[in-house]
Amino acid sequence: MNNCLNISNLTVHLQGRRILHDVSLDIARGEFAVVFGDNGAGKTTLLRSILGLVPLTSGTICLFGQHASWRNYRALQRRIGYVPQTLAFDETMPISVRNVIAIGRSARAGLWRRLNAGDRDLVNRSARDAGIFPLLDRPIGQLSGGERQKVQIARAMCQQPELLLLDEFSAHLSATARQDCLQLLERLHLQERFAVLMITHHASAVPANCRRTILLAGGQKQFDGEGHNWPAPGKGERP
């Protein structure tokens with residue numbers, strides 16, 4: 001199977017509310033796709049469903065050719081990188097950039113396996129690729145917002161993902177920092193050829209190598225096509 005993700009007729013209810021309804025979506029290996037939608041459209045719930053973090057009301061999710069269930073989700077999650085909107089941490093904790101990136105390696109290798117020399121080399125390589133190698137020994141609390149998001153990207157890269165999920169990862173950045181992080185993401189995608197599923201409500205936050213756009217509205221898929229031209233709900237223009 002050439003797809004790393006297959007979603008079929010996905011419906012999700014949370015706290016008595018329907019969040020997603022009958023959503024079907026396939027992502028090919030190496031593909032770069034962006035999901036757009038207003039707040040409440042179901043974008044984050046879609047990613048959380050893929051990660052196995054919310055129960056499905058109906059429908060199926062297949063990852064890397066395997067039907068995802070409680071029996072195999074832990075193994076499948078090791079092949080998925082995830083970059084959330086913000087990095088949640090206690091700024092008073094003296095955790096270094098190096099240790100944050102190493103979390104990604106532990107996620108792939110197993111939480112209880114001690115990292116070896118090869119793992120540590122991969123931490124260094126991920127930091128270099130993200131342009132943050134000089135920051136490795138800095139406390140994460142001393143970094144700017146853009147630098148922290150680069151650390152998150154490096155952490156995900158250290159996991160050597162086959163599928164990368166990004167949840168509004170540039171939403172709170174300045175325009176300059178956003179473009180810097182997007183250019184980094186674009187370069188890493190071309191270099192490593194992992195698949196990307198990124199959600200955003202910023203039309204400006206779309207790297208040039210994204211070839212597919214998907215629009216969610218009211219928990220349903222309204223548009224799915226190539227390029228950067230898609231209709232917004234009821235407006236016939238980009239969101």
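The values are calculated or read from the model by the stated rules, or taken from the named source; none is laboratory data. Note that this is a predicted model, so its numbers are computed, not measured. In this analysis, Cβ positions are derived from the backbone assuming ideal geometry, glycine residues included, and neighbour counts consider all displayed protein chains.
All of Ser24, Ser49 fail the test of being of a type in the set (S, T, N, Q) and more than 17 Å from the chain's Cα centre (by Cα), apart from Ser24. Which pairs do you get when a residue that is hydroxyl-bearing (Ser, Thr, Tyr), found in the range 193-220, comes within reach of a residue that is crowded, with 22+ Cβ neighbours inside 10 Å and modelled with pLDDT of 90 or more, reach meaning Cβ atoms under 6 angstrom, with the pair 6+ apart or on two chains? Correct list of pairs: Thr213/Val34.
Inside the range 13-24, can you point out the residues that are free of Cβ contacts under 8 Å to residues at least 60 places away in the same chain and not polar (S, T, N, Q)?
Filtering the range 13-24 for residues free of Cβ contacts under 8 Å to residues at least 60 places away in the same chain gives 13-17.
Within the range 13-24, His13, Leu14, Gly16, Arg17 meet the criteria.
Looking across the range 8-28, the residues that are modelled with pLDDT of 95 or more and either under 20 Å from Cys210 (Cα atoms) or assigned to a loop (DSSP other than H, G, I, E, B) (or both) come down to Ser24, Leu25, Asp26, Ile27, Ala28.
The single condition among (1) at pLDDT 75 or above; (2) touching an Asp or Glu at 6+ places or on another chain (Cβ under 8 Å) that Pro231 does not meet is (1). Filtering the range 27-46 to residues that are aliphatic (A, V, I, L, M) and over 16 Å from the mean Cα position of the chain (by Cα) leaves only Ala41.
Residue-wise test of (1) crowded, with 18+ Cβ neighbours inside 10 Å; (2) of a type in the set (Asp, Glu).
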| residue | (1), (2) |
| --- | --- |
| Asp121 | no, yes |
| Arg125 | no, no |
| Gly141 | no, no |
| Glu147 | yes, yes |
| Lys150 | yes, no |
| Met157 | yes, no |
| Leu165 | yes, no |
| Ser174 | no, no |
| Gln183 | no, no |
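Taking the criterion of being within 19 Å of Arg211 (Cα to Cα) and touching a His at 6+ places or on another chain (Cβ under 8 Å), the residues of the range 33-42 that qualify are Phe36, Gly37. The criterion of at least 1 residues that are at pLDDT below 90 and among the hydroxyl-bearing types (Ser, Thr, Tyr) is met by the following helices (runs of 4 or more DSSP H) wholly inside the range 70-168: 97-109. Within the range 37-47, track down each residue that is crowded, with 18+ Cβ neighbours inside 10 Å and either over 24 Å from Ala75 (Cβ atoms) or at pLDDT 95 or above (or both). Answer for the range 37-47, where residues must be crowded, with 18+ Cβ neighbours inside 10 Å and either over 24 Å from Ala75 (Cβ atoms) or at pLDDT 95 or above (or both): Gly37, Ala41, Gly42, Lys43, Thr45, Leu46, Leu47.
Among the listed residues Gln183, Gln191, which satisfies the condition of being over 16 Å from Gly81 (Cβ atoms), part of a helix (DSSP H, G or I) and either modelled with pLDDT under 90 or not hydroxyl-bearing (Ser, Thr, Tyr) (or both)?
On the way: Gln191 fails: over 16 Å from Gly81 (Cβ atoms).
When all the criteria are applied, what remains is Gln183.
Scanning the range 189-217 for residues that are more than 12 Å from Glu168 (Cα to Cα) and buried (at least 16 other Cβ atoms within 10 Å of the Cβ) returns His189, Phe194, Ala195, Val196, Pro207, Cys210, Arg212, Thr213, Ile214, Leu215, Leu216, Ala217. Residues in the range 31-66 that are in contact with an Asp or Glu (Cβ under 9 Å, 6 or more places away or on another chain), assigned to a helix (DSSP H, G or I) and within 21 Å of Glu192 (Cβ to Cβ): Leu47 only.
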